[in-house]
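In what follows, a structure is listed as structure tokens, so that the remarks can point back to it.
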Amino acid sequence: MLRRLLRILLVLPLFIALASPQASARTSGWAIDVVQPGDTLSRVAKRHGTTWQRLAQLNGLTRPEVVPGQALIVPRPSLSVRPGDTLWELAVRHGTSVKALRQVNGLRADQPLVPGTRLRIPQDGRRPIDAGLFFVPSGNAAKDRALLARYRSTVRRVGLFDVRINPNGSLAVRAFGPATTVLRTQGQLPYPVLTNLTPSGFDAAHMRRILAHPAKRRTLVDSIWHLLKANRFPGVMLDIEGLKPQDRALYTQFLRELHAKLRPSGMEIAVSVPPKQGPHTPAHAGGYDYAAIGKYADRVFVMAYDWHIPPFTGPGPVAPYPQVKATMAYASTVISPKKLYLGIPMYGYDWNVTAGNGRALSQQKALEQAIARGATIRFDPRSRTPYYRYTANGERHEVWFEDARSLAAKFALVKRYKWAGVGGWQMNLFFPQGETLFWSLFRAL
């Protein structure tokens, strides 16, 4: 995901919510309503005994317009049954099960839903969880301070992106502006993020030349230790992407040596890995030995996204539920769940179907674009992902993104598999609905 975003060179506007996320995201009970044709934000608010301003706060809306198919988090743990509603659809929408819906509502297995009756949504309680985000300095100290302050009560660990590796194994000098000081003042933990980025992108050959050379590998290990020691960092985050199957043994050896060097000093290792559903599935991710990485890493960040990405694939879900679930199921068998963190895509993709290319955009931007264009949002029940279509300048577009429904399904998996935490790329890609849902389901450590 980082590779694709860097290639596209996103320039995203900052959206100002109607209230701070910390103030607006808290609610004692929640459900997810879906906008119907003819609905207005005020009409939806009236259905749930609240105000349109409150709904705007909970969902990060900057104006009162809505479009059909749009998911809205409402501050009420129940919904009025509509004609055509099914327990299965409502369960999928809320990341729960038909069984749980029946139990909390006292419904028999053969009892049909009656339109107009209220259906309670299971509220499982807020589980303690660790959360992290990547941070990319903007060069504007005031802007960076404001961004870091936004997440001070949500995120415990922050990856400072990025520190590059020189050809001889030493580390390039990197300044992070006020970030390190601000994070420590806020009680958060800053981790430098080491990458194998070069001018050509994430470079497996560059990394292979270092790992295959014992002296360069030792230099890299020693340089990481000195970086952490000199800056009082608690540990390092390794975002080494694109490794080939033939790099598997070398990368494992490097992690073993790094672990031996850092462990006596109490320094941690966090590792980003691509999604895998088996030891050699998919084949292109064979450079990452989940079991070995889990042995030497203190935290493993699973980048469970980019199953569809322009221009390499056609339109489709970025993080489809079946594939995310299969990845989590496999990872949980070879790595302790106490070390595992689910990577959440804080972005979607806008495919230009006519031209055969596309661009990345934040979840907030994807939603605002749908509203601005009056597009009807559809929901794919198999992948549990929203999407919409529009035409601009005679060219057809298809946008796949995340919303409260797709995120509820993934958060439910985090609870089910008892993973340690969640994280995302990057702070600047705002996802207000995600923040609201996070606070509804979890308690940040």
Please specify each residue of the range 127-168 satisfying the condition of being assigned to a loop (DSSP other than H, G, I, E, B), among the small types (G, A, S) and either closer than 30 Å to I210 by Cβ or under 15 Å from the mean Cα position of the chain (by Cα) (or both). S138, G139
Can you find a residue in the range 61-69 that is part of a helix (DSSP H, G or I) and either over 22 Å from G29 (Cβ atoms) or aromatic (F, W, Y) (or both)? no
For the range 174-205, name all the residues that are touching a residue at least 24 places away in the same chain (Cβ under 8 Å), assigned to a helix (DSSP H, G or I) and either over 20 Å from G139 (Cα atoms) or outside the structural domain of D162 (by TED's automatic domain parsing) (or both). A204
Counting only residues in the range 84-110 that are modelled with pLDDT of 95 or more and out of contact with any helix residue (DSSP H, G or I) (no Cβ under 8 Å at 6 or more places or on another chain), the one nearest to L41 (Cα to Cα) is identified as D85
Per the filter on the range 70-86, residues under 14 Å from I32 (Cα atoms) and either more than 24 Å from the chain's Cα centre (by Cα) or in a loop (DSSP other than H, G, I, E, B) (or both) are Q70, P75, R76, P77, S78, L79, S80, V81, R82, D85
When the residues of the range 89-106 are narrowed to those that are free of Cβ contacts under 8 Å to residues at least 12 places away in the same chain and closer than 13 Å to A409 by Cα, which ends up surrounded by the fewest Cβ atoms within 10 Å (Cβ to Cβ)? S97
Grab the strands (runs of 3 or more DSSP E) fully contained in the range 358-445, keeping just those with 1 or more residues being surrounded by fewer than 18 Cβ atoms within 10 Å (Cβ to Cβ) and acidic (D, E). 378-380, 395-400
Checked against (1) in contact with a strand residue (DSSP E or B) (Cβ under 7 Å, 6 or more places away or on another chain); (2) part of a loop (DSSP other than H, G, I, E, B), P122 satisfies every condition except (1)
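The values are calculated or read from the model by the stated rules, or taken from the named source; none is laboratory data. Since we're looking at a predicted model, the values are computed, not measured. Here the Cβ is made from the backbone with ideal geometry for all residues, glycine too, and neighbour counts use every protein chain on show.
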